[in-house]
Amino acid sequence: MTVHTATCTAPVNIATLKYWGKRDKSLNLPTNSSISVTLSQDDLRTLTSAAASADFQEDQLWLNGALESLDSPRTKACLADLRALRAAVESADASLPKLSQYHLHIVSENNFPTAAGLASSAAGFAALVSAIASLYELPQDMSELSKIARKGSGSACRSLFGGFVAWEMGALEDGLDSKAVEVAPLAHWPTMKAAILVVSDDKKDTPSTTGMQSTVATSDLFQHRIHEVVPKRFEEMKKAIVNKDFETFGELTMKDSNSFHAVCLDSYPPIFYLNDTSKKIIKLVHKLNELEGHIIAAYTFDAGPNAVIYYDEANEAKVLGTLHKYFAQVQGWDKKDASALNGGVDIDGVD
Ligand code: ADP
Ligand code: DP6
Ligand code: CO
């Protein structure tokens, strides 16, 4: 039996300007453009292997060791697009094996909690598309492939690029201009760091897809967000990244996280992603910044209670030290040099 295989990894990306709302559900076209930072491969990532063989009887996907249903129209859309591109490659070169006609076996593993608001769908679909594109030896560039990953999960389109990434919402009905583009590579701002505070690894009760649909259908505040707030913020945040202006970047990031959770609360019935620990983290970061006299740490929360704190490496001891003082079980401390945790400052009124 001949089996053709390829393996790829994709890191998660954490949005600093949130995607929340679809204008087209089947194509995953968003109601606003968004911006994110892709984490390093050493942190949270998906590892996916794809295999094609004439002997496979059906398409199958194993996620974290368990067989997943492939009935979802989103996964089907990704596979159909990738097969069509492979078929074009095969028709240009008759000597190539007809992989587009074979079934696929896909094995994927996330090294972090799945469906807990830590962007597993982003890393998951980015790795799936990358692995199959590599197996099929497709010539398309990352922006082109991002349109396919987008159909799997909107946020996945941004994980095909490293560094600072924008997802341009596009204006076309067919979605051909709704794609990810690089704002700046990680090397542009290598001192930017992200700490991930796993408050809970439980599966969220409102998945992103259903949550955003409810917001679009019921929230009045949402109209203000997508028309008045985000378009301006999108330009300002790109500029802050290009200028490596942490103060502006941090302020916009925190405001956008708050705006996103506000439209969740304004949905009917309301959607609660933040819990009491999340709120304590928000309070702590504001007090730390206040004490410093300027912004040295910026929080953001996706569709779950887990926090991501962006900071500049120069402030690592102060930021991580302070977080450690108040939230001792935060993941990843073991990896840090103990001296990095000794710079914490005392803050009243957090507990
Ligand atoms: P998250 O906040 O983790 O992105 P979502 O509700 O957006 O949560 O999406 C979770 C869903 O994404 C999972 O239930 C699963 O269907 C899909 N997913 C997660 N990881 C993978 C993966 N590695 N490969 C394929 N699909 C995945
Ligand atoms: C809060 O990309 O998971 O993380 O497109 O329905 O799969 P689907 O949703 P998903 O939503 C992500 C929402 C968010 C913000 C963001 O990543 O921009
Ligand atoms: Co997701």
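Taking A240, is it farther than 24 Å from P185 by Cβ and of a type outside the set (F, W, Y)? No.
Applying the criterion of being under 11 Å from the mean Cα position of the chain (by Cα) and within 13 Å of ligand 2 (Cβ to nearest atom) to the residues of the stretch 151-166, the residue that is nearest to L186 (Cα to Cα) is V165.
For the stretch 270-285, enumerate the residues that are assigned to a helix (DSSP H, G or I) and farther than 15 Å from G321 by Cα. Correct list: D276, T277, S278, K279, K280, I282, K283. When the stretch 297-351 is filtered for residues that are part of a loop (DSSP other than H, G, I, E, B) and either surrounded by 17 or more Cβ atoms within 10 Å (Cβ to Cβ) or at pLDDT 95 or above (or both), the ones remaining, listed by number, are D302, A303, G304, P305, N306, F327, V330, G344, I347. A single entry from V89, V37 fulfils the requirement of being at pLDDT 95 or above, more than 20 Å from the chain's Cα centre (by Cα) and of a type in the set (V, I, T): V89.
For the stretch 97-121, a residue qualifies if it is more than 10 Å from ligand 3 (Cβ to nearest atom) and outside any loop (DSSP other than H, G, I, E, B), and the qualifying residues are L99, S100, Q101, H103, L104, H105, I106, V107, S108, E109, N110. Residues of the stretch 152-165 include none that is closer than 19 Å to D24 by Cβ, away from ligand 1 (no atom under 16 Å from the Cβ) and either surrounded by fewer than 17 Cβ atoms within 10 Å (Cβ to Cβ) or touching a residue at least 24 places away in the same chain (Cβ under 8 Å) (or both). Regarding A171, is this residue without any contact (Cβ under 8 Å) to a residue 60 or more places away in the chain, outside any helix (DSSP H, G or I), more than 16 Å from ligand 2 (Cβ to nearest atom) and loosely packed, with under 14 Cβ neighbours inside 10 Å? Answer is yes for this residue.
The values are calculated or read from the model by the stated rules, or taken from the named source; none is laboratory data. All values derive from a computational prediction rather than experimental measurement. Quick reminder, even Gly has a Cβ in these numbers, built from the backbone with ideal geometry, and neighbours come from all protein chains shown.
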